[in-house]
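**Q** What follows is a single structure, and I will ask about it in a moment.
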């Protein structure tokens, strides 16, 4: 046994003996770190005294009532939905086409297409955001609404593709051969065999795209002019200029949307599809 | 009348020639197997018949009509896929009715024909299940029914039984034969498993390296293999290396493991010249083993059309009703013999004998004629 | 031989007898007459495209390709162009935006500060995230549930997640009140660098766990047992087997954390102090209050250069960042 080994041996033995316990400690600690702030947020939305008093004197639904009678906040939700719903539809359609093309065809520029569909994740949001405002508003002079929808499409394509592409790749293409062998042409095969089998993945991609678009802030913040804010922009203004307890309620709304969407997406695919990368 | 006619069929993938100038016919109502090791191109042949691959060259005619170039869904051919490819999102009945639906058969007729097919493959009452709820053997039956219900001219099989265990496979083999006879359909079956191929086929097409090695009935292939490859691939064979020492009208002289033997001329399927390196092949089940106490190292003689030599038993293994012996012979190297008797032990001295008519001699693969090699050294 | 059941069905084109491929456009047109309605027209289109594989590929890959090029790649190029213009879009050509930025000690200090914070955040997230992924993969049986609990926060709004920390960190907030109840002094962490580090760690941790998790899952557990069997303890095994074999996942995670931190403005704006500026906030200022777009574009280009350098480095080191889709991490 070398000198180094003699020094390290006790540590090695300790690690071997207590590895499992240490792992449990790490998991519990990190999950607490991730979820406690959210728990506090939900809890505070029922707090009577507002933002600045912890622990609260008593619990109340008052802020929910304030939120529900606040037209500005409700308008922001409507504004967000009028952007997110079409953006999600377009994004899912385009991502499905990307997945189909990349999975099925070999064509010049195929790897460029894949790169282009991944890059929006990598380029810092603020960089793309200002590039879009320069080009959409500055150069093209697009209406605000169109600019924002396009921005949301670009933002969500990489994530939707990330979910939809593996669905196509794991689809057994011999099923298509079997279908053609049994007399169905390409279109009928796509309609009757391919689509039913990849549909859960496409829906999951759509749910995640919607969640992302519903939460999207940076692109919207730059591209959208001073008109009706989306909910994230609205809440940003609230936090920056006049924090009210209502923000806690809106946070719960965001939380509910995200949790239900992601859980639905997960139940449709496997969690590791979303976990990729 | 030949239902399927394949002529000059060639498929190249880049530089790789997967299928090389293949000709064969399948008659109406026949059960033909394409047999070959993996990578021999057999599946490619099948996929070209089905329409999933376009041949580089050659013709495929079904019922005297050229079908190369027409898409799979327009060919009167249905396939049972290797992994079955049952539609996971459809029920068993919907799987079977899929082809009928594509050709616009009305729903009630579809239902009736599907029911009949389920009966045929003995899966009555399984129509509403999904494929994943079935066992491997049941899934095979669904795949078969799905192909047969369309009453195609030809059913193709891409090794569908290879995933089953031995017992189930043997059962499915006999089911296949029964169904083929009942439906009077023509089957073209691709496999690497000679046991399956020998059991079910009327005729076999042996493929190696993209080229046809031999086409014939099971008996022809077994008893008169056209090449060392076929001899090896169809059943077991003893191959003893040798060198041609003399060729005359009736016999060929061979130097085998140091000893001189002579064999009938017609044991060789090809012309041989002096100094050619050859394999002398004999089937283990054609080798007889008898007890002896003679040390007969000189007695390698062809007497009355029969070879005999002496040797020592080196290994033995029971194979059910037969026993297989590994025997170190005095003149023919190590031979394996399959006999009914279990009477011999390791180290026993025995006499080994076989009919000269059962011997086949092939020139060794890939070896240059002897004088070239000598010139080099 | 019995006739094919297909050939007497009218939905299948006359070429159903296998005689020809339904070849020319003319044949397609006549087929359409016998076929029924929309289905017929669609199947004509399918036949039409089958014989023109290039057109088929173009019709599927073309639209997304075009949209990504026109609305994502071109704007980035436009930003490059604008960064060489003075004061406004279409202004006179100039290098002033760059020279001004690169000779200003204030801005260079901001870049350096941003870099330091990004490095700290990346180190913390990589350490904690890898530890978490390792603990889940090697020691837990409920991996799916745990992974779900880790990623769920990632899908809620970034701003909301920052806001949650405002609740906790502000003076007399949740943290200080709790400390107070325990008889400890208040920390008043909000608007400090510590708050910024906590905020970044909080948002990027789920993101980094994913590639770590993927690469650790792909690692064959037998290798670890083989190493231990051959006499290496768990620590040495980790350093000589596990870590080297998951290094691609580690690099991917590092890139995924470093880049967005470097470009961020939300977290320092909401959690950081007024004198702790990061480079993303300078850009935000140019577009939201100073209105010097070309100067903002130039800073955007500076960030992009940093990002590209980092990506090249990561690719050299073997991160599988662009192996989109099929491969893990």
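Every number here is computed from the coordinates shown, using simple stated rules; none is lab data. Note that the structure is a prediction, hence the values are computed from the model and not measured. Cβ placement follows ideal geometry from the backbone for every residue including glycine, while neighbour counts extend to all protein chains displayed.
**Q** Of the numbered conditions (1) under 30 Å from residue A:240 (Cβ atoms); (2) within 8 Å of chain C (Cβ to nearest Cβ); (3) surrounded by fewer than 19 Cβ atoms within 10 Å (Cβ to Cβ), residue A:110 satisfies every one except a single condition; which is it?
**A** The number of the failed condition is (1).
Each row is one residue, and each column tells you yes or no for (1) in a helix (DSSP H, G or I); (2) surrounded by 17 or more Cβ atoms within 10 Å (Cβ to Cβ); (3) within 10 Å of chain A (Cβ to nearest Cβ).
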residue	(1), (2), (3)
B:59	no, no, no
B:69	no, no, no
B:100	yes, yes, yes
B:109	yes, no, no
B:113	yes, yes, no
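**Q** Residues that are under 27 Å from the mean Cα position of the chain (by Cα) and within 20 Å of residue C:261 (Cα to Cα): list the helices (runs of 4 or more DSSP H) wholly contained in segment C:173-246 that include at least 2 such residues.
**A** Details: elements: C:174-181, C:193-218, C:221-229, C:234-237.
Counting at least 2 such residues, we get C:193-218.
Conditions tested, residue by residue: (1) within 8 Å of chain A (Cβ to nearest Cβ); (2) within 18 Å of residue A:38 (Cα to Cα); (3) crowded, with 17+ Cβ neighbours inside 10 Å.
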site	(1), (2), (3)
C:125	no, no, yes
C:137	no, no, yes
C:140	yes, no, no
C:147	yes, yes, yes
C:173	yes, yes, yes
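**Q** Being in a helix (DSSP H, G or I), free of Cβ contacts under 8 Å to residues at least 60 places away in the same chain and buried (at least 16 other Cβ atoms within 10 Å of the Cβ): is that true of residue C:57 here?
**A** Yes.
**Q** Does residue A:47 satisfy being over 30 Å from residue A:194 (Cβ atoms) and either in contact (Cβ under 8 Å) with a residue 24 or more places away in the chain or in contact with a strand residue (DSSP E or B) (Cβ under 8 Å, 6 or more places away or on another chain) (or both)?
**A** Values: over 30 Å from residue A:194 (Cβ atoms): yes; either in contact (Cβ under 8 Å) with a residue 24 or more places away in the chain or in contact with a strand residue (DSSP E or B) (Cβ under 8 Å, 6 or more places away or on another chain) (or both): yes.
When the stated conditions are applied, residue A:47 passes them.
**Q** Can you tell me which of A:27, A:77, A:83, A:90 is surrounded by 15 or more Cβ atoms within 10 Å (Cβ to Cβ) and without any contact (Cβ under 8 Å) to a residue 24 or more places away in the chain?
**A** Working: A:77 fails: without any contact (Cβ under 8 Å) to a residue 24 or more places away in the chain; A:83 fails: without any contact (Cβ under 8 Å) to a residue 24 or more places away in the chain; A:90 fails: without any contact (Cβ under 8 Å) to a residue 24 or more places away in the chain.
Result of the check over A:27, A:77, A:83, A:90: A:27.
**Q** Look through C:246, C:252, C:217 and report the one residue that is within 20 Å of residue C:306 (Cα to Cα) and either surrounded by 22 or more Cβ atoms within 10 Å (Cβ to Cβ) or facing chain A (nearest Cβ under 10 Å) (or both). Give the steps one after another, and end with the answer.
**A** On the way: C:246 fails: within 20 Å of residue C:306 (Cα to Cα); C:217 fails: within 20 Å of residue C:306 (Cα to Cα).
On inspection, the qualifying residue turns out to be C:252.
**Q** Would you check if there is a residue in segment C:80-95 being part of a loop (DSSP other than H, G, I, E, B) and touching a strand residue (DSSP E or B) at 6+ places or on another chain (Cβ under 6 Å)?
**A** Filtering segment C:80-95 for residues part of a loop (DSSP other than H, G, I, E, B) gives C:83-84, C:86-92, C:94-95.
With the extra rule that they be touching a strand residue (DSSP E or B) at 6+ places or on another chain (Cβ under 6 Å), the set shrinks to C:84, C:91.
Checked against the condition, which is being part of a loop (DSSP other than H, G, I, E, B) and touching a strand residue (DSSP E or B) at 6+ places or on another chain (Cβ under 6 Å), segment C:80-95 yields at least one hit.
**Q** Failed condition for residue B:64, given (1) away from chain A (no Cβ under 14 Å); (2) surrounded by fewer than 22 Cβ atoms within 10 Å (Cβ to Cβ); (3) touching a helix residue (DSSP H, G or I) at 6+ places or on another chain (Cβ under 6 Å), with all others met?
**A** (3) is the only condition that residue B:64 fails.
**Q** Here are B:80, B:32, B:49, B:26: which of them is within 14 Å of chain A (Cβ to nearest Cβ), more than 26 Å from residue C:51 (Cα to Cα) and surrounded by 21 or more Cβ atoms within 10 Å (Cβ to Cβ)?
**A** Working: B:32 fails: within 14 Å of chain A (Cβ to nearest Cβ); B:49 fails: more than 26 Å from residue C:51 (Cα to Cα); B:26 fails: within 14 Å of chain A (Cβ to nearest Cβ).
Result: B:80 is the single residue among B:80, B:32, B:49, B:26 that is within 14 Å of chain A (Cβ to nearest Cβ), more than 26 Å from residue C:51 (Cα to Cα) and surrounded by 21 or more Cβ atoms within 10 Å (Cβ to Cβ).
**Q** Could you tell me whether residue A:250 is surrounded by 21 or more Cβ atoms within 10 Å (Cβ to Cβ), away from chain C (no Cβ under 11 Å) and over 14 Å from the mean Cα position of the chain (by Cα)?
**A** Values: surrounded by 21 or more Cβ atoms within 10 Å (Cβ to Cβ): yes; away from chain C (no Cβ under 11 Å): no; over 14 Å from the mean Cα position of the chain (by Cα): yes.
No; evaluated as a whole, the condition is false for this residue.
**Q** Do any helices (runs of 4 or more DSSP H) entirely within segment A:122-216 hold 2 or more residues that are facing chain C (nearest Cβ under 9 Å), free of Cβ contacts under 8 Å to residues at least 40 places away in the same chain and surrounded by 24 or more Cβ atoms within 10 Å (Cβ to Cβ), and if so, which?
**A** Numbers: elements: A:125-132, A:144-170, A:174-181, A:186-189, A:195-215.
In segment A:122-216, the matching helices (runs of 4 or more DSSP H) lie at A:125-132.
**Q** Return the only residue of B:200, B:206, B:218, B:196 being free of Cβ contacts under 8 Å to residues at least 40 places away in the same chain, crowded, with 16+ Cβ neighbours inside 10 Å and under 27 Å from residue B:46 (Cα atoms).
**A** Numbers: B:200 fails: free of Cβ contacts under 8 Å to residues at least 40 places away in the same chain; B:206 fails: free of Cβ contacts under 8 Å to residues at least 40 places away in the same chain; B:196 fails: free of Cβ contacts under 8 Å to residues at least 40 places away in the same chain.
On inspection, the qualifying residue turns out to be B:218.
**Q** Exactly one condition in (1) assigned to a strand (DSSP E or B); (2) in contact (Cβ under 8 Å) with a residue 24 or more places away in the chain; (3) on the phi < 0 side of the Ramachandran plot is false for residue B:8; which is it?
**A** (3)
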